[in-house]
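The values are calculated or read from the model by the stated rules, or taken from the named source; none is laboratory data. Since the model is a prediction, treat every value here as computed from it, not as a measurement. So basically every Cβ, Gly included, is an ideal-geometry build from the backbone, and we count neighbours across all protein chains shown. With ligands, DNA and RNA removed, areas are computed over all heavy atoms of the protein, side chains included. Shrake-Rupley method; radii C 1.70, N 1.55, O 1.52, S 1.80 Å.
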Amino acid sequence: MWIILAIHSLQNRVLAKAGNESVTDNLAELEELQKMAEPGMLRGYLEDLVPMLVDFALRVFLALLIYVIGKRVIRWIRKILKRALERSAVDEGVCQFLDSGAKILLYAVLAVAVINQLGLATTSLVAVLGSAGLTLGLALQGSLANFAGGVLILLFKPFKVGDYIIEDTHKNEGTVTEIQIFYTKLLTVDNRTVVIPNGTLANSSLTDVTHQDKRRVDLYVGVSYDTDIKKAKGILNAIIGGEPARLTDEETVVFVDSLEDSSVRLGLRFWVATQDYWDARWRVTEEMKERFDENQIEIPYNQLTVSLKQ
């Protein structure tokens, strides 16, 4: 249909330019289009087009089939890798890191296979990527730094999966749940997920709160200057002695920390297992308030006195 329309259009142009020198060229073009419009030529064109479309559809179908089967094979390989690492008693963070790297590598191989099946030249794609290596390196320098940071974390193990860490630069904190190839995931106490680049964790200071098996509880409380210090210290010693989470083989201390403007600051220290730290701290703090109230020991607080001059 489009060939016939082109012929009519060209005929009109030929008639409009009958007195010009380009008539001969237009007539030659018209004769060529008329030949193309012949039934035999159109039939041949369609006969050549149909195999091309069938071949392309077959390539697309095979590419989709390779993608679907490849995804299942990748899932199967990752399961085998995880089981092998778990049987080898490898650290959980190493397992997650290797699984993440294997996933990226296997999907890259699958993408090359799909592109190759579609008939695209993968060799030319590799050549282009190779020539653009410097540009890609500059563009991906952040990701490469995160990858290197992940490797350093797994090698030197400043923390591991299950540790509670505090990242000092941006004050992010939580329990480490995953160490991936580029990022580390933290779970906060209020059930939020914090994702931190490995490069940040590898190049900044952090505090691993739960790395050790035990922690020391340090608490301070102020009492008024009228308080019997020995009595107050005796109460604090009794509170520590009755704390069920206290490690009995570790030293406990009750002391006068400082003499402040309106109070005497008392301190106490005792050791507990790391997992019992917060429960013991909250329990002792509450008991200090109750026992001081029972013994009429005043805990001073800031007050503002206003005097009106007559």
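Scanning region 274-286 for residues that are among the aliphatic types (A, V, I, L, M) and either touching a helix residue (DSSP H, G or I) at 6+ places or on another chain (Cβ under 8 Å) or open to solvent by 20 Å² or more (accessible area, probe 1.4 Å) (or both) returns a single hit, Val284. Residues of region 249-269 include at least one that is more than 26 Å from Leu304 (Cβ to Cβ) and basic (Lys, Arg).
Touching a residue at least 12 places away in the same chain (Cβ under 8 Å), in a loop (DSSP other than H, G, I, E, B) and not aromatic (Phe, Trp, Tyr), is that true of Glu243? Considered against the rule, which asks whether it is touching a residue at least 12 places away in the same chain (Cβ under 8 Å), in a loop (DSSP other than H, G, I, E, B) and not aromatic (Phe, Trp, Tyr), Glu243 comes out as yes. Would you say Glu251 is within 30 Å of Ile104 (Cα to Cα) and either of a type outside the set (Ser, Thr, Tyr) or assigned to a loop (DSSP other than H, G, I, E, B) (or both)? No; evaluated as a whole, the condition is false for this residue.
Elements of the type helices (runs of 4 or more DSSP H) sitting completely within region 109-209 and holding at least 2 residues that are at pLDDT 85 or above: these cover 141-156, 198-202.
The set of residues in region 202-219 being in contact (Cβ under 8 Å) with a residue 40 or more places away in the chain and either at positive phi or surrounded by fewer than 12 Cβ atoms within 10 Å (Cβ to Cβ) (or both) consists of Gln212, Asp213.
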